[in-house]
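The values are calculated or read from the model by the stated rules, or taken from the named source; none is laboratory data. Computed from a predicted model, the values in this text were never measured in an experiment. Positions of Cβ are backbone-derived with ideal geometry, glycine not excepted, and every protein chain shown enters the neighbour counts. To get the accessible areas, we keep the full protein, side chains included, count just its heavy atoms, and leave off ligands, DNA and RNA. Shrake-Rupley method; radii C 1.70, N 1.55, O 1.52, S 1.80 Å.
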Amino acid sequence: MLGMRAHARSRAVSVLAAVLVAFAVAGPTSAAAPDTLLPRARAIVREHPGMWAQAVVARGEHTVVVGRSARQAAEIAAVADRAGHTVAKVWGPVDAVVLVPATEAQAAELAAPAHVEGFAAFAGVGRVIVDPSGFGRLSRTGRQVVLTHELTHVATGAVLTGDMPAWLVEGFADYVGYLDAGLPVRAVAAELAEEVRAGTPPRELPGRAEFQSGSVRLAQAYEEAWLVCRYIAERFGEPKLVGLYRAALRSGVTAALRDTLGMTLPGLTEAWRDYVVRQLGPVAAS
Ligand SMILES: [Zn+2]
């Protein structure tokens with residue numbers, strides 16, 4: 001582990017700028033550590049060979065980015081490296097292949113059967129798929145948040161654990177995603193803040209359907225989920241939030257809440273409602 005970390009630190013983002021032909025035939029690299037990412041990237045690329053005819057590859061510390069231009073791939077590898085550091089700090093090391101196809105339609109094809117309309121990026125098993133148009137419209141901070149969010153999903157194996165509650169999966173990914181963003185709560189949760197100020201704070205934690213593409217309260221669902229995880233981390237400490245997630249993976253969320261936080265789901269929901277109003281409600285006059 002120590003060796004891996006030292007290796008990672010010394011390794012700057014390097015653009016191989018290889019055309020895919022070279023990429024596909026290249027043998028194992030001469031790097032000190034055995035490289036499992038390049039073979040994984042090759043295998044993923046082979047799933048859609050026609051899509052990657054003009055692709056270039058950039059190598060980050062713990063990512064391989066397959067993209068359309070050397071500059072784009074290198075930029076995304078740098079963002080992914082920072083994202084990977086944040087994920088490692090909270091959860092543990094993560095590595096991934098980041099796929100950046102040319103068009104939104106290709107991103108949808110790569111993510112299928114999942115529906116990803118309106119999402120800037122999507123996590124799969126060991127990989128992140130970036131929608132070039134959605135991602136391109138994001139601010140620098142937004143890109144950082146999105147890739148950190150998706151790498152959190154990769155690290156936790158989110159796509160493999162479909163029975164986890166969506167509020168915990170998405171809230172935890174946003175908790176890690178926004179951790180180093182330095183954004184005020186009311187800015188991150190702007191849509192939810194508007195509802196709270198209008199006197200209609202949320203009643204129940206968001207369910208899976210509310211996170212689907214096209215959901216009318218999609219933004220609010222993410223904000224609600226983010227705030228429940230932020231609440232847990234603030235009240236019990238970040239290690240307890242991580243412990244809750246790991247326990248929920250093992251034994252389900254009800255037992256995990258009881259064993260990790262000594263809470264029930266209704267109790268957590270009530271505490272979260274109060275927290276949301278405290279964080280987003282009108283600022284009390286003094
Ligand atoms: Zn997510």
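Between R278 and R82, what's the calculated FRET efficiency when r is the beta-carbon distance and R0 is 35 Å? Round to 0.05.
Details: r = 31 Å, r/R0 = 0.88.
Efficiency at R0 = 35 Å is approximately 0.70.
Dipole orientation for the chain: of the candidates A221, V90, Y175, V90 has the Cα lying most toward the positive pole (charges on Cβ; Lys, Arg +1; Asp, Glu -1). Net length available on complete extension from A102 to A271 is 56.4 nm, with 0.36 nm assigned per residue and the Cα-Cα distance removed.
The fraction of accessible area contributed by carbon and sulfur in the range 39-198 is 54 percent, rounded to a whole number (1.4 Å probe; ligands and nucleic acids excluded). Fully extending the segment from R208 to T264 would add 18.2 nm, taking 0.36 nm per residue of separation and subtracting the current Cα-Cα distance. The listed residues T264, T141, T152, once ranked by accessible area (1.4 Å probe) with the largest placed first, stand as T264, T141, T152. Taken about its Cα centre, the chain carries a charge dipole of about 720 debye when Lys and Arg each add +1 at the Cβ and Asp and Glu each add -1 at the Cβ. Close amide H pairs (under 5 Å, H built 1.01 Å from N) link D35 with T29, residues at least 5 positions away or on another chain. Whole-Hz Karplus values for the range 112-127 come out as 3, x, 5, 9, 10, 4, x, 9, 7, 7, 8, 9, x, 6, x, 8 Hz, taken residue by residue from phi with 6.51 cos²θ - 1.76 cosθ + 1.60 and θ = phi - 60°; glycine and proline positions read x. GNM remark for the chain: springs join alpha carbons under 10 Å apart, and the peak mean-square fluctuation among P266, P202, P165 falls on P266.
Can you sort H62, H153 by solvent-accessible area, 1.4 Å probe, largest first?
Putting H62, H153 in descending order of accessible area: H62, H153.
Using the 1.4 Å probe convention, the accessible area of the range 161-280 works out to 46 Å² per residue with neighbouring protein chains retained.
Potential lengthening of the chain between R197 and A219 amounts to 6.3 nm, from the contour at 0.36 nm per residue minus the alpha-carbon distance.
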